[in-house]
Structure formats: C-alpha cells, structure tokens
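Visitor: This is the structure I have questions about; it appears just below.
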Amino acid sequence: AADVLPARMLNQMVRAACDTSVPLSPAQSLDVADGVLSVLTGGLRSLQGNASVTLPASARQVAQIKAHVAEHLCDPQLSVNRIALALGLSVSYLHKVFRSEGTTLERWIWESRLAACQQALRDPRWAARTITDIAFSFGFSDSAHFSRSFHRRFAITPRAWRQGGATAEMGQDAPPPLDHYKRDL
C-alpha cells in the first residue's frame, strides 16, 4: 500500500490543479505546477532505486531526462550541456540515449516549449498573461523569435491561435503535452 501512496497523492494534486471551478492566479498556477513537478520528480527518483522496475536502463534515463526538462522548461539556459551536468552524464551519452526517441534532445526541448506555449495560450488560467509573458514562462527569451518559431511550427500566429483561429487538431504532430510524458514514467 505504501507504493500506491505517492501515485494517489500525485493523482489528487493533478485533479485539484485541473479543477477549473477554483480559478487560480498565474502566480498560483505556477506554484501548483512546481508542486506537482516536485512530487513527480521525487517519485521518479524513488523508482530509480526500486529493483522491481523493469524498464531498461536507457528507457529510465530517457524518462529521467524528460522529467528534468519538464522541471526546468522555464529556464532559458536549459541546454544539453546543463542537463548532462545536472544528471551526471556525458553530452555524447545523453545524445546516444535520446536517439531512441527519433529526435534530438535539443529538438525535443524546443518542441516541448512550443507545445507548452500552445497549451497555455488557450488555457483560461493564463488568459491574463500576455503572449510574451507566456513565451518567457517557458524558456523563450525573445518574443519576435518565439512568434516566428510558433508560426513556422503550427502555421498560425500565437495571437490567432489564442483567439481560436485554428482547430484543436492543428499541430497534431507536436509532442504530446508534458504531462503525457509524466504518465509514461
């Protein structure tokens, strides 16, 4: 039963965070997201030492890399070098392990940031934030560059997307939301 407790706690936290009947300010939303990520990464760290986990070592490392990226997505300095340093791995080994994902780690970080911005632009909890604030919240440091990248990736401007100018199916080949990766872990 002790193994189930962290999963139950995470489930309850995510449900509470997604409860739209209790509106949160942008600052509160970020605090809740930080809390959920902390519980998630703590759970992942405990799995790493659990002998019953049957994932191959490389799959566990990819999960660990993705969790680290999710936790630090707002950091504009997030890079392969910094991830390698934080996880105690070499850059070449990071590239080798992540190759199984069919993309580079740099590209995955970039796609994750764009996907997070895409979600936030339509999320009512982020409605009071400007497009630039949202872009900067997910690690972009130049609003014009963000707008060009978003348009190139999704074939619509961030403003048009926010205003509902495209269907939800647009951008289907984008990486799933970050919480999708957390479920896989």
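The values are calculated or read from the model by the stated rules, or taken from the named source; none is laboratory data. Everything quoted here is computed from the prediction, not taken from an experiment. Cβ sites come from the backbone with ideal geometry, for glycine too, and all protein chains shown count toward neighbours. Areas reflect the complete protein model, heavy atoms only, side chains present, ligands, DNA and RNA absent. Shrake-Rupley method; radii C 1.70, N 1.55, O 1.52, S 1.80 Å.
Visitor: Which value, in Å², gives the accessible area per residue of the stretch 74-113 when a 1.4 Å probe is used on the protein heavy atoms?
Guide: 57 Å²
Visitor: Could you check the simple spin-label distance between LEU87 and ALA160, using points 7 Å along Cα→Cβ, in nm with one decimal?
Guide: According to this spin-label approximation, the distance is 3.6 nm.
Visitor: Over the stretch 54-150, what per residue volume does the convex hull of the Cα atoms give, in whole Å³?
Guide: That works out to 108 Å³ per residue.
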